[in-house]
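*Asks:* Structure provided below as structure tokens; questions to follow.
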Amino acid sequence: MSGKPVLEMAQAQLVEAARYLDLDPGLSEVLSKPKRQLIVNFPVVMDNGEVQCFEGYRVQHNTSRGPTKGGIRYHPDVDVDETTALSMWMTWKCAVVDIPYGGAKGSVKVDTKKLSMRELEKLTRRFATEINIVIGERSDIPAPDIGTNGQVMAWIMDTLSMQTGYTVPGVITGKPITLGGSQGRIEATGRGCIVAALEACKERGLTDLKDKKVVVQGFGNVGSVAAYLAEEAGAKVIAVSDARSAIYNENGLPIRELYQKYSGRDGGIAEYKDCTPITNADLLTLKCDVLIPAAIQQQITIDNADKIQAGIVVEGANGPTTREADQILSDKGILVVPDILANAGGVVVSYFEWVQDLQNFFWEEVEVNVKLERIMKHAYEGVRVTRESHKCDMRTAAMIIGVKRVAEATVSRGIFP
Ligand code: NAD
């Protein structure tokens, strides 16, 4: 699968925002391109003694507002175009929630299910070494994304520290707590999605999530946390899915149990019995109050958008809705809380983690969560007000805010030399 359509989608979103802002064409062109793209090919000696070559990327989109920030994805379908699109979205996302970063993204084309733990560690340490020429605690700070987790972040931190000669915790976020990770980081993206969902519910006159029907696509870091926090807020989570299966129970699924007992197993959530198996395609079109796509990009498309029955869509994943689908959802009156706002909780707490690492002074979880909620609510309100003043949808409003802040920083700095 080529990442070209994803990049075209990200660029078209920028063109739309630039039109509202009447942006100078030269500035628009600068913002439409990545500042730096690094492509690396590197060998790993596999457990059977054979050498396998892997391709990886680190793309830095914009540094006007600060060092770049963005996750590292391990997935067989990644390419430089998809990674570039994801880096652009990171730039706007950091600006929407007003944290002092530009956007970046990294990825390795690999199916981690085919690797042993030892091979995963060797691949990670070698990839970290290959991209070490562009990342650093003051320049570009990676974090987890699809296929990577706290353990992978720990190996990267250790590798870069070994090469520096002393421990550098601030070079990466999403680390285990014992290595300078932040309280609340694992839950942060899902938590931010639920803060956004609650704000959207209020707008739609639903007051809160109590007894509301919620559907979640993807049961990884973002989806599982969003699902259990929705359950905690009183919602009935009637369907969830992972890459292999989707399950449904109209009375609500026991999310904590699913998370603790089934999410890490080979059979995944399909092993849970008190439910009806459905397909991922069926899941997206279930009648519900809130749909949270939290898996991968381009899931709500021209082919299924008119069948979506949710009142509110909260984009946990990056780029789950195509441009054509956006228009259809908008015409149907569905409120879409866009990715660059809805899933910004992860990068907000990554920012907190980085600040704590640089200061060697660590915060309690309650402090992290309170600060996260405040930032998310403030950003949501800013987007809502912009949407009303420009009479546009939430995505365009979020893009207007993000692009405007980055454009202003770029103009204020001027062009070197
Ligand atoms: P993850 O690897 O922990 O989980 C991904 C989940 O999606 C898994 O359950 C997987 O089985 C499922 N999945 C994969 N392909 C699927 C498909 N075709 N249909 C249905 N399910 C599928 O990844 P994550 O960190 O939870 O990231 C999920 C999404 O959220 C990605 O788009 C990512 O870029 C975005 N995101 C993540 C974070 C973060 O902090 N982890 C922050 C912001 C955005």
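*Asks:* Kindly provide the set of residues from the range 225-242 that are within 12 Å of the ligand (Cβ to nearest atom) and surrounded by fewer than 24 Cβ atoms within 10 Å (Cβ to Cβ), ordered by number.
*Replies:* Residue satisfying the conditions is Asp242 alone.
*Asks:* What is the residue count in the range 260-285 for residues that are assigned to a helix (DSSP H, G or I), under 15 Å from Ala239 (Cβ atoms) and at pLDDT below 95?
*Replies:* Keep residues of the range 260-285 that are assigned to a helix (DSSP H, G or I), which gives 260-262, 268-271, 280-284.
Remaining after also requiring under 15 Å from Ala239 (Cβ atoms): 262, 268-270, 280-284.
When the remaining residues are screened for being at pLDDT below 95, the result is 262, 268-270.
The number of residues fulfilling the criteria is 4.
*Asks:* What is the residue count in the range 98-121 for residues that are within 25 Å of Gln37 (Cβ to Cβ) and part of a loop (DSSP other than H, G, I, E, B)?
*Replies:* Going through the range 98-121 one residue at a time, the tally reaches 5.
*Asks:* Which residue, of Glu16, Glu82, Glu55, is among the acidic types (Asp, Glu), modelled with pLDDT of 95 or more, away from the ligand (no atom under 14 Å from the Cβ) and assigned to a helix (DSSP H, G or I)?
*Replies:* Glu16
*Asks:* Further question on the same structure: Is it the case, given these coordinates, that Ser263 is closer than 23 Å to Asp77 by Cα, in contact with a Leu (Cβ under 6 Å, 6 or more places away or on another chain) and not aliphatic (A, V, I, L, M)?
*Replies:* Considered against the rule, which asks whether it is closer than 23 Å to Asp77 by Cα, in contact with a Leu (Cβ under 6 Å, 6 or more places away or on another chain) and not aliphatic (A, V, I, L, M), Ser263 comes out as no.
*Asks:* Quick one: in the range 243-258, of everything that is out of contact with any strand residue (DSSP E or B) (no Cβ under 9 Å at 6 or more places or on another chain) and within 9 Å of the ligand (Cβ to nearest atom), which residue is farthest from Ala226 (Cα to Cα)?
*Replies:* Checking each candidate, the answer is Arg244.
*Asks:* Report, ordered by the first and then the second residue, all pairs with beta carbons closer than 6 Å, sequence separation of six or more or different chains, a first member in the range 56-81 that is acidic (Asp, Glu), and a second member that is outside any strand (DSSP E or B).
*Replies:* Asp77/Met1; Asp79/Gly3; Asp81/Gly3; Asp81/Lys4; Asp81/Leu7
*Asks:* Could I ask something else about it? Tell me, which residue of the range 201-224 that is part of a helix (DSSP H, G or I) and not small (Gly, Ala, Ser) is surrounded by the most Cβ atoms within 10 Å (Cβ to Cβ)?
*Replies:* Val222
*Asks:* Continuing with the same structure: Has the range 277-286 got any residue that is polar (S, T, N, Q) and in contact (Cβ under 8 Å) with a residue 40 or more places away in the chain?
*Replies:* Looking through the range 277-286, at least one residue is polar (S, T, N, Q) and in contact (Cβ under 8 Å) with a residue 40 or more places away in the chain.
*Asks:* Here's a check for you: in the range 166-200, which residue that is touching an Asp or Glu at 6+ places or on another chain (Cβ under 7 Å) and of a type in the set (Ser, Thr, Tyr) is surrounded by the fewest Cβ atoms within 10 Å (Cβ to Cβ)?
*Replies:* Ser182
*Asks:* Let me ask another. List the pairs whose first member sits in the range 138-163 and is away from the ligand (no atom under 16 Å from the Cβ), whose second member is basic (Lys, Arg) and part of a strand (DSSP E or B), and whose Cβ atoms are under 8 Å apart, counting only residues at least 6 apart or on separate chains?
*Replies:* That search, which allows pairs on different chains as well, returns Asp140/Arg58; Asp140/Lys69.
*Asks:* Starting from residues that are of a type in the set (Asp, Glu) and out of contact with any Asp or Glu (no Cβ under 6 Å at 6 or more places or on another chain), keep the ones in the range 281-340 and report whichever is farthest from the ligand (Cβ to nearest atom). It would help to see each step written out before you state the result.
*Replies:* Taking the range 281-340 as the starting set, the residues that turn out to be of a type in the set (Asp, Glu) are 282, 289, 303, 306, 315, 324, 326, 331, 339.
Next, only the ones that are out of contact with any Asp or Glu (no Cβ under 6 Å at 6 or more places or on another chain) stay: 282, 289, 303, 306, 324, 326, 331.
Working: Asp282: 12, Asp289: 21, Asp303: 14, Asp306: 20, Glu324: 19, Asp326: 17, Asp331: 25 Å.
Selected residue: Asp331.
*Asks:* Spot the failing condition for Ile156; the list is (1) surrounded by fewer than 24 Cβ atoms within 10 Å (Cβ to Cβ); (2) of a type outside the set (Ser, Thr, Tyr); (3) not assigned by TED's automatic domain parsing to the domain that holds Ala246, and only one is missed.
*Replies:* Going through the list (1) surrounded by fewer than 24 Cβ atoms within 10 Å (Cβ to Cβ); (2) of a type outside the set (Ser, Thr, Tyr); (3) not assigned by TED's automatic domain parsing to the domain that holds Ala246, Ile156 breaks only (1).
*Asks:* Out of (1) near the ligand (Cβ under 10 Å from one of its atoms); (2) modelled with pLDDT of 95 or more, the odd one out for Val355 is which?
*Replies:* Evaluating Val355 over (1) near the ligand (Cβ under 10 Å from one of its atoms); (2) modelled with pLDDT of 95 or more leaves (1) as the failure.
The values are calculated or read from the model by the stated rules, or taken from the named source; none is laboratory data. Because the structure is predicted, anything quoted here is derived from the model rather than measured. A quick note on method: Cβ atoms are made from the backbone with ideal geometry, for glycine too, and the neighbour counts reach across all protein chains shown.
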